[in-house]
1. Along region 132-146, what does the Karplus equation 6.51 cos²θ - 1.76 cosθ + 1.60 (θ = phi - 60°) give for ³J(HN,Hα), rounded to whole Hz, x for Gly and Pro?
2. With the cut-off at 1.5 for a/c, could you classify region 51-185 from its C-alpha gyration tensor as rounded, prolate or oblate?
3. If you stretched the chain out fully between residue 184 and residue 35, how much longer would it get, using 0.36 nm times the residue separation minus the C-alpha to C-alpha distance?
4. Give me the dipole magnitude in Debye, nearest 20, for region 170-267 about the Cα centre, with unit charges on the beta carbon: positive for Lys and Arg, negative for Asp and Glu.
5. What length, rounded to one decimal in nm, is gained on full extension from residue 63 through to residue 218, with 0.36 nm per residue of separation minus their alpha-carbon distance?
6. Based on the Cα atoms of the chain, what semi-axes does the equivalent ellipsoid have, where each is the square root of 5 times one gyration tensor eigenvalue, given in whole Å with the largest first?
7. How large is the dipole of the chain about the Cα centre if only Lys and Arg carry +1 and Asp and Glu carry -1, each at its Cβ, rounded to the nearest 20 debye?
8. Sorted from fewest to most neighbouring beta carbons within 10 Å, what does the list 63, 85, 223 look like?
Amino acid sequence: MKTSVRHNTGKLYVAIVVATLVVLFTAPALHAQEEHMMPASPNVTYTSGDGVETGGYLATPPRSGPHPAVLMIHEWWGLNVDVTRLADALAAEGYVVLAPDAFRGSLAQTPQEAMAQLRSTPQEQIAMDLDAAIDFLKSHQAVDADRVATLGFCFGGTQSMHLGTRTPGLAAVVTLYGSGPIQDADALGMIPDNEPVLGIFGEEDGSIPISEVNGFESALNARNVDNTISVYPGVGHAFVKSTTYNQGGAPEAAWNELVAFFNDTLQ
């Protein structure tokens with residue numbers, strides 16, 4: 001069960017992301033050899049704004065389209081099997097899902113490696129690559145371009161928020177425990193045009209204080225953005241994984257919430 005679900009009508013950059021995430025991922029629970037942490041196999045390519053070919057993993061529903069679509073942005077590790085399995089799970093619900101590679105083939109297995117690749121990858125490059133991913137997804141023949149949302153986990157949750165601030169024509173914005181939730185209503189940019197917003201957080205997240213979650217909600221309310229902010233008890237950061245999303249408890253409840261949100265918003 002969640003602590004709260006509130007329905008209302010009411011830039012975070014690399015340095016801050018690194019500072020908050022390092023605290024979390026030094027935990028001994030990480031096992032670099034686990035299968036879900038291994039490299040994914042990209043199956044689509046597209047050209048970024050600087051002319052570099054990049055790409056990601058595209059998952060499609062079994063039925064013919066056009067379908068609503070979701071850009072699913074990975075954690076700070078990079079494009080691994082974990083996010084592609086979640087993409088497959090969401091595609092099975094009737095969505096075209098693109099998991100873009102925000103680090104151009106770099107994949108971390110330890111927190112130290114993740115921190116290094118995050119610090120060494122220019123924020124401008126990440127934004128440019130994700131913008132190209134959105135353009136690719138909207139132009140895909142199986143996609144209804146008027147029903148495209150963005151979703152991210154951890155690092156990806158932060159990127160999803162910022163995509164919402166700068167990208168016109170999104171149908172929804174979702175962040176799962178994106179570090180540095182926006183606190184200033186003026187920094188929301190285009191998010192009021194891209195509503196509704198769903199934010200999912202863990203009550204015991206050491207990197208995102210509840211005060212920041214409340215500040216994010218207040219900023220959204222100040223701009224009259226339709227939003228749902230959910231805080232799940234008994235869990236910390238990064239609790240929705242391909243290994244947990246269908247195993248009961250808070251991870252499965254959060255996954256079901258985001259699927260229901262997309263069903264209500266995009267279908």
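1. So the Karplus estimates, Gly and Pro as x, are 5, 5, 4, 4, 4, 5, 5, 8, 5, 5, 8, 10, 7, 5, 7 Hz.
2. prolate
3. Result for the pair: 49.7 nm of gain on full extension.
4. Roughly 220 debye for region 170-267.
5. Working: separation 155, 0.36 × 155 = 55.80 nm, distance 4.00 nm.
Net length gain for the segment: 51.8 nm.
6. Square roots of five times the eigenvalues give 23, 22, 19 Å.
7. Values: 12 positive and 29 negative charges, 13 e Å.
The calculation lands at about 60 debye.
8. Values: 63 8, 85 20, 223 15.
With the sparsest Cβ surroundings first, the list reads 63, 223, 85.
Every number in this text was worked out from the coordinates using simple rules, so none of it is lab data. Treat the numbers as computed from the prediction; the structure is a model and nothing was measured. When we count neighbours, we look across all protein chains shown, and the Cβ atoms used for this are built from the backbone with ideal geometry, even at glycine.
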